[in-house]
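Chemist: Before I ask anything, here is the structure I am working with.
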Amino acid sequence: MLDDIISGATDDSVTTSNLLRKVQVVAHRLGAAEITAWVQAELNGYNEGDELPAMRKGLNTPVTGTWAGVMGSRATLSLSAGSIPEDSAKALFTANAYQSIAELEELAALPSDPVMVWDPLAVVAYNGWVEEGLAPGMEMMNLVAAHRVFTRAKIRSIINSARNTALDFALQLQSTDPDAGQQNGPTVADAPIAATVYNIYNNITGHGTNVAAGPNAQQRSSVVVNDLSSLLAAAKQLGLDDAATAGLAEAVLASEEQRPSKIAEFLTKVRDGVFVVGTSATGQVIADQLTPLINAYLGI
């Protein structure tokens, strides 16, 4: 199955929808609920209010406006957000892609770029911002219509991101365990698989690292008792690399007899800088912030 995904991701004749269905099969066999949910949303489309993958949200969209003036004069000009309120600029000059992958593929195949027309009230508001000097306008003319352009290049980049994610998913799983994705194969209950799955999901969501350093620094988290994915998510936010998150998973999943020594050994490696940390914080700071997260996972 992993070979099928790898070959399909590099074959333009395989639709992205078919490719993702194979990813869904593998994710189901792994027990990777987050990946399964992502695939289903990609195939069926997202709902307003859903947490979107990084590749689908806050997309910059060029805006073209039609201006009208005295004596029937008209002009078409690209608009700029200028200094208008941030929330309004986000709503009018960026877009979120909620469409299914199949819909996006149809949009990418159109002969011209699809557009999204501004609400008339937004046009009125923009004219007001021009009068206030917050947005550029045209002398002796008013904006009468505007639309955002959802470029086909941007749409293709979303589709390609999904295909690249599927490819990374298969390649990383294959490197972790060649039996991953087979029936009765390894699952997220196995530490290396759990770490690999989390790393892929972290790339989908675009979550970065965020460490607070200082005497009383604490890393906010939502670690749930016995929920390995939540622990790995919090650890990743601290800046731990792939090897470190795999080491953490292995330590906390050890037998009750071995777990304390495994965790102590892991934290020592963090303090000593054995693992690559994607922040400027020291290993000691990271270890200090990891300890309460591990305790939360263990229910201590």
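The values are calculated or read from the model by the stated rules, or taken from the named source; none is laboratory data. Fair warning: this is a prediction, and the values are worked out from it, not measured in the lab. All Cβ positions, glycine included, derive from the backbone under ideal geometry; neighbour counts span all protein chains shown. Areas reflect the complete protein model, heavy atoms only, side chains present, ligands, DNA and RNA absent. Shrake-Rupley method; radii C 1.70, N 1.55, O 1.52, S 1.80 Å.
Chemist: Taking the Cα centre of the chain as origin, sum charge times position over the Cβ atoms of Lys and Arg (+1) and Asp and Glu (-1), and report the length of that vector in debye to the nearest 20. Don't jump to the answer; show the numbers that get you there.
Modeler: Working: 18 positive and 32 negative charges, 73 e Å.
That gives a dipole near 360 debye.
Chemist: Still on this structure, please answer the following. Full-extension gain between A37 and S13, please, as 0.36 nm times their residue separation minus the C-alpha to C-alpha distance.
Modeler: 6.1 nm
Chemist: Take each of the peptides 234-245, 82-93, average the number of other beta-carbon atoms within 10 Å over its residues, and list them starting from the highest.
Modeler: 234-245, 82-93
Chemist: Treat each spin label as a single point 7 Å out from the Cα along the C-beta direction, and report the S175 to S73 distance in nm.
Modeler: Label-label distance for S175 and S73, simple model: 6.1 nm.
Chemist: Using DSSP to call loops (not H, G, I, E or B), can you name the trypsin sites (Lys or Arg not before Pro) in segment 52-87 whose Cβ has at most 11 other Cβ atoms within 10 angstrom?
Modeler: Taking segment 52-87 and a limit of 11 other Cβ atoms within 10 Å, no loop trypsin sites (Lys or Arg not before Pro) are found.
Chemist: Follow-up question, since we're still on this one. Filter the DSSP H helices in the chain by two things, a Kyte-Doolittle mean of at least -1.0 and an axial alpha-carbon span of 30 angstrom or more, and list the hits by number.
Modeler: Span-like helices here: 152-176.
Chemist: Another question, then. In whole percent, how big is the carbon plus sulfur part of the accessible area of the chain, probe 1.4 Å, protein atoms only?
Modeler: The computed percentage sits at 50.
Chemist: Work out the FRET efficiency for E103 and M140 from their Cβ-Cβ distance, taking R0 = 41 Å, and round it to the nearest 0.05.
Modeler: 0.45
Chemist: For L298, what charge total do you get from the other residues with a beta carbon under 15 Å from its beta carbon, if Lys and Arg give +1 and Asp and Glu give -1?
Modeler: Neighbour charge sum, excluding L298 itself: -2.
Chemist: If r is the Cβ-Cβ distance from A91 to R156 and R0 is 25 Å, what FRET efficiency results, to the nearest 0.05?
Modeler: After rounding to 0.05, the efficiency reads 0.55.
Chemist: While we're on this one: Counting only heavy atoms of the protein chains, get the accessible area per residue of the chain (1.4 Å probe) and round it to a whole Å² value.
Modeler: 52 Å²
Chemist: Another question, if that's okay. So, counting K/R as plus one and D/E as minus one, what does the shell of residues with Cβ under 13 Å around E265 add up to?
Modeler: So the surrounding residues net to +2.
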